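Enquirer: This structure is in structure tokens; I'll ask about it shortly.
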Amino acid sequence: MRKLNTTIAWAWGASLALMLIASETARSQGIVYVTPQTQIFYSDGVFQTLNFNIDINGDGTPDFILSSLPGSSSTGVFTAIFTPLGNNSVVAIPEPPPDLGYLVAAVNQETSIGSSLTPILNAQWYNNQTDQFGYATIGAEALIDQQLSVIGNFAGLSSAYIGFDLVDNGNNYYGWIQVSNPLNDVYGDIVDWAYQSSPNTSIIVGAVPEPSAFALLAIGSVSLIWCSNRRRLC
């Protein structure tokens with residue numbers, strides 16, 4: 001009996017030590033995944049500017065601003081824009097001439113986001129110094145000759161992604177933001193986002209953290225105790 005109890009105590013101690021190591025490693029490496037606690041959205045039905053500050057890493061400082069801009073009664077144009085703050089950037093595509101500015105790119109799942117954007121056609125990193133506007137357009141719509149005209153890359157997509165580069169202390173932390181805009185208009189929600197906690201490391205769009213070593217070790221420890229108790233009862 002004493003030997004069995006000693007074995008169990010040793011197993012618990014070893015597991016706890018490994019859990020602490022795994023927990024510390026998880027904080028310093030890997031993917032950080034976030035689901036916003038309140039709804040963050042853009043809408044074509046606003047009558048005054050609607051802004052949402054997006055704090056990617058939860059440090060209390062906004063990293064991007066998602067805005068809905070009302071149109072005039074004469075043009076009926078509504079616009080949703082995405083503004084990078086500080087040195088942060090977003091993946092965007094130049095608007096086709098004669099339009100000026102940039103459209104936020106709708107990035108596909110499984111795409112790699114990093115210093116190189118080669119897999120995304122015509123895409124580049126856009127920050128608030130790239131052009132005279134300081135923001136990239138998610139979508140815009142207007143009623144022309146009783147027909148709804150929509151520009152942008154997200155309309156009609158139930159799931160698409162914004163790629164971003166979060167700059168902190170001179171390091172680049174790449175990530176993605178999932179957007180759902182299923183109807184053919186400018187109205188969408190931010191579903192979730194994730195970013196690499198390891199600086200200057202690319203991320204696969206849609207990737208989320210794997211089950212942590214902490215959880216796996218905890219399950220293993222419980223199984224060990226259960227098996228030991230079962231053997232003792234037998």
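Enquirer: Suppose we filter Leu166, Leu117, Leu143 for residues that are open to solvent by less than 30 Å² (accessible area, probe 1.4 Å) and assigned to a strand (DSSP E or B); which single one remains? Please lay out each step first, then the result.
Expert: Working: Leu117 fails: assigned to a strand (DSSP E or B); Leu143 fails: open to solvent by less than 30 Å² (accessible area, probe 1.4 Å).
Testing whether each residue is open to solvent by less than 30 Å² (accessible area, probe 1.4 Å) and assigned to a strand (DSSP E or B) leaves just Leu166.
Enquirer: Restricting the stretch 169-213 to residues that are assigned to a strand (DSSP E or B) and polar (S, T, N, Q), which is nearest to the chain's Cα centre (by Cα)?
Expert: Gln178
Enquirer: Now a separate question. Of everything in the stretch 59-97, what is modelled with pLDDT of 95 or more, assigned to a loop (DSSP other than H, G, I, E, B) and not hydrophobic (A, V, I, L, M, F, W, C)? Give them in sequence order.
Expert: Selection gives Asp59, Gly60, Thr61, Pro62, Asp63, Gly86, Asn87, Asn88.
Enquirer: Name the residue that is nearest to Ala136 (Cα to Cα), counting only residues in the stretch 32-88 that are surrounded by fewer than 12 Cβ atoms within 10 Å (Cβ to Cβ) and among the hydroxyl-bearing types (Ser, Thr, Tyr).
Expert: Result: Thr49.
Enquirer: Check Ile8 against each of (1) modelled with pLDDT of 95 or more; (2) more than 24 Å from Ala140 (Cα to Cα); (3) surrounded by fewer than 17 Cβ atoms within 10 Å (Cβ to Cβ); (4) aliphatic (A, V, I, L, M) and name the one condition it does not meet.
Expert: The number of the failed condition is (1).
The values are calculated or read from the model by the stated rules, or taken from the named source; none is laboratory data. Everything quoted here is computed from the prediction, not taken from an experiment. Heads up, the Cβs are rebuilt from the backbone with ideal geometry, glycines too, and the neighbour counts pull from every protein chain shown. The area values use the complete protein model at the heavy-atom level, side chains included, leaving out ligands, DNA and RNA. Shrake-Rupley method; radii C 1.70, N 1.55, O 1.52, S 1.80 Å.
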